[in-house]
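All remarks here apply to the structure that follows.
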Amino acid sequence: MTEDPGTRIADDGDVADRVKQVVERLGCSRREFARRIVMDPSKLSRSLGGTRRFTLAEIVRVADIGGVDVAWLLGSRTGTPAPARGREPAAVPEGGRPLQIVRETVRLIAEHGFHAVRVADIAAACGTSTAAVHYHFPGRDELLEAAVRWCMDEDTARRAAGLAEACDARAELLHLIALQTPRTEQQRRQWLVWLDLWAQAARSTAVGRLHEHYYRQWRTTVADVLRRGVEQGVFHPVDPESTALRLTALIDGLATQVLATAPDSTTPDSMHAALLTFVDSELTSVDP
């Protein structure tokens, strides 16, 4: 998943300024724009700030989402952003071609595993060509990173929405547990992608960094909820970090059993019940 320095574009600041114009025209935050072009928000921030150069693939995705020409982004003297001309004959789906490619990649990885998915399969699922897929994501490693990042962003957004509505930290924790219990097709699909990520992370330093980033974020979220629960008096005085480590490890192990065993063995219901038992026995200091 490392980037070839040769794929980075030269930029004296003009390219970054044009990308900023695209973001402003769309009227969204930089974080949301990063989600739409399937890019690490910190990389986008550094590229816009001039401390990192965009790769050509990233510029292609900016052009696709922004509805402008790649040539204009790279310095064509058109004066104003030119409408993107038909790079792909089919109608561009809602959210843009990059997000469609990523969503279909997630679905295919969940169904067949990353190593069994060919670019031709992704192209067929999107109703486009392999060249169009490579246009946005030159390599398989980049597709895996984009797919995992999309799952992370979706998961983070759902967490934030539920946490904002919870009445106390116990309700927040129960919301997080419900999100991690693979009941729905989407939840199962994301867990299957995580399983592929774990296998890749054991063999790839670059994928391992992505894995480490996600789990640091996830455990911090759980630890923060536990800390608030102790402060509110709804949880016993526990060490938030070590308890978050134990709870997230329990979630991982149970979810793996749900996905890898026979349906009448470990089920989503039994997983959820085991996690509630952990909350009641290890954390809850008063009846809700």
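A few points about this structure:
- In this structure Glu154 has an accessible area near 50 Å², from a 1.4 Å probe over the protein heavy atoms.
- Cβ-derived FRET efficiency at R0 51 Å, Asp269 paired with Thr51, nearest 0.05: 0.55
- The gain in end-to-end length when the Ala124 to Glu212 segment is fully stretched comes to 28.4 nm, 0.36 nm per residue minus the alpha carbon separation.
- Distances between placed amide hydrogens fall under 5 Å for Phe235 paired with Val230, Ser285, all partners being 5 or more residues away or on another chain.
- C-alpha long axis of helix 97-112 to longest principal axis of the chain, angle in °: 50
- Most mobile listed residue (Thr130, Thr105, Thr184) in the chain, GNM with C-alpha springs under 10 Å: Thr184
- Angle in degrees between helix 268-278 and the longest Cα principal axis of the chain, rounded to the nearest 10: 60
- Only Cα pairs under 8 Å and 6+ residues apart enter the sum, and on that basis the relative contact order of region 120-260 stands at 22 percent.
- With 0.36 nm allotted per residue and the present C-alpha distance subtracted, the Gln232-Leu26 stretch has 70.1 nm of extension available.
- Exposure ranking of Glu58, Glu145 by accessible area [1.4 Å probe, largest first]: Glu145, Glu58
- C-alpha long axis of helix 56-66 to longest principal axis of the chain, angle in °: 90
- Computed from point charges on the beta carbon alone (+1 for Lys and Arg, -1 for Asp and Glu), the dipole magnitude for region 156-288 about its Cα centre is near 520 Debye.
- Candidates Arg107, Arg188, Arg25: whichever shows maximal mean-square fluctuation once the chain is modelled as a Gaussian network with Cα springs under 10 Å: Arg25
- The candidates His213, His272, arranged from most to least accessible area with a 1.4 Å probe in the full protein assembly, appear as His213, His272.
- Backbone N within region 148-171 under 19 Å of label point (7 Å from Thr220 Cα along the Cβ vector): 149-164
- Efficiency of FRET from Cβ geometry, Ala157 and Ala202, R₀ 30 Å, rounded to 0.05: 0.60
- Protein accessible area in the chain, 1.4 Å probe - carbon and sulfur %: 52
- For the chain: accessible area per residue (Å², 1.4 Å): 47
- Residue among Leu179, Phe54, Leu259 farthest towards the positive dipole end of the chain, charges placed on Cβ: Phe54
The values are calculated or read from the model by the stated rules, or taken from the named source; none is laboratory data. Everything numeric in this text was worked out from a predicted model, so none of it was measured. With ideal geometry, Cβ positions are generated from the backbone for all residues, glycine too; neighbour counts draw on all protein chains shown. Ligands, DNA and RNA are stripped out before the accessible areas are found, and what is left, the full protein with its side chains, is counted by its heavy atoms. Shrake-Rupley method; radii C 1.70, N 1.55, O 1.52, S 1.80 Å.
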